[in-house]
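Everything on this sheet refers to the single structure shown next.
The values are calculated or read from the model by the stated rules, or taken from the named source; none is laboratory data. Please read these numbers as outputs of a predicted model, since none were measured by experiment. Cβ placement follows ideal geometry from the backbone for every residue including glycine, while neighbour counts extend to all protein chains displayed.
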There are 2 protein chains.
Amino acid sequence: MAHDDVHPVSLACGDCPIRHRAVCARCETDELEELESIKYYRSFEAGQTVIWSGDKMDFVASVVSGIATLTQTLEDGRTQMVGLLLPSDFVGRPGRESATYNVSATTDILMCCFRRKPFEEMMERTPHIAQRLLQMTLDELDAAREWMLLLGRKTAREKIASLLSIVARRDASIKLRASAGRMTFDLPLTREAMADYLGLTLETVSRQISALKRDGVIELEGKRHVTVPDMDRLLIEAGDDSDGGLLA
Amino acid sequence: MAHDDVHPVSLACGDCPIRHRAVCARCETDELEELESIKYYRSFEAGQTVIWSGDKMDFVASVVSGIATLTQTLEDGRTQMVGLLLPSDFVGRPGRESATYNVSATTDILMCCFRRKPFEEMMERTPHIAQRLLQMTLDELDAAREWMLLLGRKTAREKIASLLSIVARRDASIKLRASAGRMTFDLPLTREAMADYLGLTLETVSRQISALKRDGVIELEGKRHVTVPDMDRLLIEAGDDSDGGLLA
DNA sequence: AACGCGAATTGACCCAAATCAAGTGGCAAC
DNA sequence: GTTGCCACTTGATTTGGGTCAATTCGCGTT
């Protein structure tokens, strides 16, 4: 309902919290200055839609803070999340006129937007940007492929355990804590969003979370706050690697 | 069983059938010459494994001819295809030591391989390569996301219809024929490979193909040769867009 | 012509997850 | 403190696709 949108704030790139992880990570000072000249900030409230699939999109952007989702829909309303956007993640595709997915804010978010045309031109001239974007895109492709394995072959219980371990791992990496043994974190998603992520119904999500709780794999405080007493146990439930991914 | 591998043939890049669609598409003559110096050909027979997930991989490559698959596996043997590699598609990730997926030849294939280290160095210096690779990777990411919608939300019948329409569309684009009305093509995959692609069992694939035949959506000649009398009908069965994707 | 073999089909049965339908619990508004 | 709303839970029932098992269909070999 609210509009917010174009933001008064103008953060200097040097002070930006995602400076070293976003699409601008490899940029030199002079390149940053050029980016500054084509950037602007927009913010959205939790629940708002950032862009509708098919809409004209005259910018690309980085998520500065908060969480957003990419979703695809069949006409009869079935929806599948195809991307989870965390701080530093990139939205939009250079060279593409219109959006191919719905983008929605899950929490309040702040986005650093670049006007598309100037950004594309700059990308042609600035290998640092194209190189970084390539790296990020390859990472996303890997994530998408892992997700495909989950969607195609895992059971509901394994899907939930996988999602929990992904959130736990991410949370640990932000807080710089080891992702082993006992862990605690908040679920940034509603049951429905989890269902859309995992290709399940929200009822099944709820039941499986209850089952994992009953079996002592997780502990719950309220609906969203999760404690994992034994991370290895959770990883086994997720069905990935028997060895908690210590190698490689 | 057979070994083939390093190929005696040395095709000049100028005469290469995938010259204008592969990772080298944007390269100038001098850049091509440099690529020539680090490239070599390898061929594999249908059914052979090109690389095992986790193996050291000291090359990246383009598929020149034939079809290969990328698959991921859970320890208990459940497998999911996560990529279908057609001529001009790229295999391997610059900057990564070892393979993350199993790559197998579905038909006999020929691959144009580049030694990884020199390729990576060249990519740093040659924006044309990084730019093209970015474009290709973004396309693959889009394909992966469409695939995720299929895996997460489509019914078995819709999955089969979607796969058939993908194959039909690709076949039409190669033969430069309109992809409307009556169409005929060969399935390049076994029932099992289709099942791995779609997150189904091979029995379900077989049953749904029989059902589509029974309902007149497709006609079969042998196991592999398919005729679609009405492409629009198939697209409706696939569940994507009610309007056969005429817009955009 | 008989054999063997892998790919595919078909049937009978079963089960995990979807669907349909009540409830519960927390919290903001009046 | 009552009302209403929304996110979530839980139960009963159905069902789509998986599992197990038997054939069948090419097709190359001898």
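Things worth noting here:
- Verdict on A:Ala68 being under 30 Å from A:Asp240 (Cβ atoms), in contact with a helix residue (DSSP H, G or I) (Cβ under 6 Å, 6 or more places away or on another chain) and hydrophobic (A, V, I, L, M, F, W, C): no
- Only one of the numbered conditions (1) touching a residue at least 40 places away in the same chain (Cβ under 8 Å); (2) near DNA strand C (Cβ under 8 Å from one of its atoms); (3) out of contact with any strand residue (DSSP E or B) (no Cβ under 8 Å at 6 or more places or on another chain); (4) within 13 Å of B:Thr79 (Cβ to Cβ) is not met by B:Leu200, and that is (2).
- Where A:Arg157 falls short, out of the listed (1) closer than 25 Å to B:Glu75 by Cβ; (2) among the basic types (Lys, Arg); (3) more than 16 Å from DNA strand D (Cβ to nearest atom): (3)
- Sole residue being within 18 Å of B:Arg145 (Cβ to Cβ) and without any contact (Cβ under 8 Å) to a residue 40 or more places away in the chain, chosen from A:Gln80, A:Gln72: A:Gln72
- Only a single item in (1) over 16 Å from the mean Cα position of the chain (by Cα); (2) within 14 Å of chain B (Cβ to nearest Cβ) is not met by A:Leu32, and it is number (2).
- Of A:Tyr101, A:Tyr40, all but one fail to be among the aromatic types (Phe, Trp, Tyr) and either closer than 19 Å to A:Arg170 by Cα or within 14 Å of chain B (Cβ to nearest Cβ) (or both); the exception is A:Tyr101.
- For the range B:63-72, filtering for residues that are within 8 Å of chain A (Cβ to nearest Cβ) and either more than 10 Å from the chain's Cα centre (by Cα) or of a type in the set (Gly, Ala, Ser) (or both) leaves 1.
- Residue check: B:Gly216 meets all listed conditions (1) surrounded by 14 or more Cβ atoms within 10 Å (Cβ to Cβ); (2) farther than 30 Å from A:Met194 by Cα but one, namely (1).
- Just one of the listed residues (B:Glu146, B:Glu124, B:Glu158) is among the charged types (D, E, K, R) and in contact (Cβ under 8 Å) with a residue 60 or more places away in the chain, and it is B:Glu158.
- Test for A:Val226: is it in a helix (DSSP H, G or I) and within 20 Å of the chain's Cα centre (by Cα): no
- Annotation note: of B:Leu110, B:Leu164, B:Leu189, B:Leu151, the sole residue that is away from chain A (no Cβ under 14 Å), touching a residue at least 12 places away in the same chain (Cβ under 8 Å) and in a helix (DSSP H, G or I) is B:Leu164.
- Tally, over the range B:41-54, of residues that are in contact with a Ser or Thr (Cβ under 6 Å, 6 or more places away or on another chain) and either closer than 26 Å to B:His20 by Cα or charged (D, E, K, R) (or both): 1
- B:Ile236 vs. criteria more than 11 Å from chain A (Cβ to nearest Cβ), away from DNA strand D (no atom under 12 Å from the Cβ), assigned to a helix (DSSP H, G or I) and β-branched (Val, Ile, Thr): no
- Sole exception among (1) modelled with pLDDT of 95 or more; (2) surrounded by 19 or more Cβ atoms within 10 Å (Cβ to Cβ); (3) on the phi < 0 side of the Ramachandran plot for B:Gly92, by number: (3)
- Meets criteria (under 19 Å from A:Met231 (Cα atoms), crowded, with 20+ Cβ neighbours inside 10 Å, more than 11 Å from chain B (Cβ to nearest Cβ) and in contact with a Lys or Arg (Cβ under 9 Å, 6 or more places away or on another chain)) for A:Met183: yes
- Evaluation of A:Pro87 against (1) touching a residue at least 60 places away in the same chain (Cβ under 8 Å); (2) surrounded by fewer than 21 Cβ atoms within 10 Å (Cβ to Cβ); (3) closer than 17 Å to A:Asp196 by Cα (one fails), failing number: (3)
- Selection status of A:Thr100, without any contact (Cβ under 8 Å) to a residue 60 or more places away in the chain, assigned to a helix (DSSP H, G or I) and within 17 Å of the chain's Cα centre (by Cα): no
- Looking only at residues in the range A:189-201 that are under 20 Å from A:Glu146 (Cα atoms) and not aromatic (Phe, Trp, Tyr), the one that is farthest from the chain's Cα centre (by Cα) is A:Leu200.
- Criterion violated by B:Met194 - all others in (1) more than 12 Å from DNA strand C (Cβ to nearest atom); (2) within 14 Å of another protein chain (Cβ to nearest Cβ) satisfied: (1)
- Single match in B:Val50, B:Val60, B:Val82, B:Val23 (criterion: closer than 18 Å to B:Arg116 by Cα, in a strand (DSSP E or B), at pLDDT 95 or above and within 14 Å of another protein chain (Cβ to nearest Cβ)): B:Val60
- Test for A:Ala168: is it under 17 Å from the mean Cα position of the chain (by Cα) and more than 16 Å from DNA strand D (Cβ to nearest atom): yes
- Test: residue in the range B:205-219 that is within 16 Å of DNA strand D (Cβ to nearest atom) and part of a loop (DSSP other than H, G, I, E, B): yes
- The residue list A:Leu138, A:Leu134 contains one member that is crowded, with 20+ Cβ neighbours inside 10 Å, in contact with a Ser or Thr (Cβ under 8 Å, 6 or more places away or on another chain) and either more than 9 Å from chain B (Cβ to nearest Cβ) or not in a loop (DSSP other than H, G, I, E, B) (or both), which is A:Leu134.
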